[in-house]
Amino acid sequence: MNALVTNGDAAVQAGVGGPSLGEAEFAFLREFVLQQCGISLGDHKRQLVQGRLLRRLRALNLPGFAAYCDLLRRDPDAELGELASCISTNVTSFFREMHHYDMLVADLLPRWLEDKKKNGGRLRIWSAGCSTGEEPYALAMVLAEAIERTGSTVDAKILATDLSPQALEAARKGVYPVDRLGGVDDARRRRWFMRGEGAYDGYAQVHPRLRELVTIQPLNLLHEWPMQGKFDAIFCRNVVIYFDKPTKQRLFARYAGMLESRGYLFLGHSESMYGLSDDFDLIGRTVYRKRT
Ligand SMILES: C[S@@+](CC[C@H](N)C(=O)[O-])C[C@H]1O[C@@H](n2cnc3c(N)ncnc32)[C@H](O)[C@@H]1O
């Protein structure tokens, strides 16, 4: 999967009929995006970036890219989320890379719930780069089912964070077109979704129990993290794919610091920690366990 600008109107992507992105502005944007989002944009992405940002220029009523760069210089934090939404993709789905959920169901969740029942402690999972919510809600489904199966009373929660304001808004709504539920089997559709009616015909909303388990917050992974407690597992899948090497190294080191002893880090199918961290062992398909 290409995590950068893959969908949308071809004419807009090609930047037809609008101001063009000059070399100096593209150089500024590349550096800005690298510093602020960790995303490394190759030379060949200029046309693509131009196409994607044209929509933003229009929304802001700006005459050209120089004005947009000025806006970023003046108030970088205010526009960062929107910029990131334009240049990265939020493509996601329920139960994407199912083998990770299988591992949670068969091994990790029952073990963690049992361990915390005996020794105390909270169960915490972080969906870092949660996009529109499909990942954290799928995690909430398997967590809720494991809790029901074991009759556990352990304090268990999922934190879901992302940089994109639009993605977070959709995640908070938790309303999805029924044709986006492809990865969800029939039993789970019946158990965890409410079918919309009237204006919401063709849509389904996630069950309140899932919302209860998931806390959704804005967070740029490159900035400070306000969380205090540690996590049993971090899902950071299909997020670091376009981060440059130093950014990935720093991020993996910070994840190691945020995980419980022998906690788990799940990456996306085309991501790897190879040569980037000594804190983890690879123990499954894009599944890493903290060494100590
Ligand atoms: C392709 S989606 C992956 C969604 C989900 N994890 C999955 O695997 O289906 C990548 C998400 O990472 C988010 N993202 C990219 N850079 C980020 C950053 N620096 N901080 C936080 N989120 C970021 C994007 O906004 C996007 O929603």
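The values are calculated or read from the model by the stated rules, or taken from the named source; none is laboratory data. These numbers were taken from a predicted model, which means no experiment stands behind them. Glycine gets a Cβ as well: all are built from the backbone with ideal geometry, and neighbour counts include every protein chain shown.
Of note:
- Only one entry of Arg262, Arg291 meets the criterion of being touching an Asp or Glu at 6+ places or on another chain (Cβ under 7 Å), among the basic types (Lys, Arg) and either farther than 25 Å from Ser85 by Cβ or surrounded by 12 or more Cβ atoms within 10 Å (Cβ to Cβ) (or both), and that entry is Arg291.
- Here Leu221 meets the list (1) closer than 28 Å to Val175 by Cβ; (2) surrounded by fewer than 13 Cβ atoms within 10 Å (Cβ to Cβ) almost entirely, failing just condition (2).
- Of all the residues in segment 243-267, those that are at pLDDT 95 or above and either in contact with a strand residue (DSSP E or B) (Cβ under 8 Å, 6 or more places away or on another chain) or over 30 Å from Glu31 (Cβ atoms) (or both) number 14.
- Elements of type strands (runs of 3 or more DSSP E) in segment 191-264, at least 2 residues being within 12 Å of the ligand (Cβ to nearest atom): 214-218, 231-236
- Inter-residue pairs, beta-carbon under 9 Å, first of a type in the set (Lys, Arg) and in segment 233-245, second near the ligand (Cβ under 8 Å from one of its atoms), 6+ apart: Arg237/Thr92; Arg237/Arg96; Arg237/Glu97; Arg237/Ser127; Arg237/Ala128; Arg237/Gly129; Arg237/Glu135; Arg237/Gly268
- Selection status of Glu169, charged (D, E, K, R) and either within 15 Å of the ligand (Cβ to nearest atom) or part of a loop (DSSP other than H, G, I, E, B) (or both): yes
- Any chance Asp107 is within 21 Å of Met258 (Cβ to Cβ), away from the ligand (no atom under 11 Å from the Cβ) and either in a helix (DSSP H, G or I) or not assigned by TED's automatic domain parsing to the domain that holds Leu210 (or both): no
- Top-ranked residue of segment 143-163 - restricted to ones that are touching a residue at least 40 places away in the same chain (Cβ under 8 Å), outside any strand (DSSP E or B) and away from the ligand (no atom under 15 Å from the Cβ), ranked as surrounded by the most Cβ atoms within 10 Å (Cβ to Cβ): Leu143
- First in segment 175-192 and closer than 17 Å to Leu139 by Cβ, second anywhere and β-branched (Val, Ile, Thr) and not in a helix (DSSP H, G or I), Cβ under 6 Å, 6 or more apart: none
Here is a yes/no grid of residues against (1) touching a helix residue (DSSP H, G or I) at 6+ places or on another chain (Cβ under 7 Å); (2) crowded, with 17+ Cβ neighbours inside 10 Å; (3) of a type outside the set (Ser, Thr, Tyr):
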{"position": "Glu31", "(1), (2), (3)": "no, no, yes"}
{"position": "Phe65", "(1), (2), (3)": "yes, yes, yes"}
{"position": "Asp102", "(1), (2), (3)": "no, no, yes"}
{"position": "Lys116", "(1), (2), (3)": "no, yes, yes"}
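- Where a residue in segment 79-92 is among the β-branched types (Val, Ile, Thr) and at pLDDT 90 or above and its partner, wherever it lies, is near the ligand (Cβ under 8 Å from one of its atoms) and in a helix (DSSP H, G or I), with Cβ under 7 Å and at least six apart: Thr92/Glu134; Thr92/Glu135
- In this structure, Ala167 does not satisfy being surrounded by 17 or more Cβ atoms within 10 Å (Cβ to Cβ), under 24 Å from Asn220 (Cα atoms) and in contact with a Cys (Cβ under 6 Å, 6 or more places away or on another chain).
- Segment 170-181: number of residues that are among the basic types (Lys, Arg) and buried (at least 19 other Cβ atoms within 10 Å of the Cβ): 0
- Against the list (1) outside the structural domain of Thr247 (by TED's automatic domain parsing); (2) touching a helix residue (DSSP H, G or I) at 6+ places or on another chain (Cβ under 9 Å), the condition Asp70 fails is (2).
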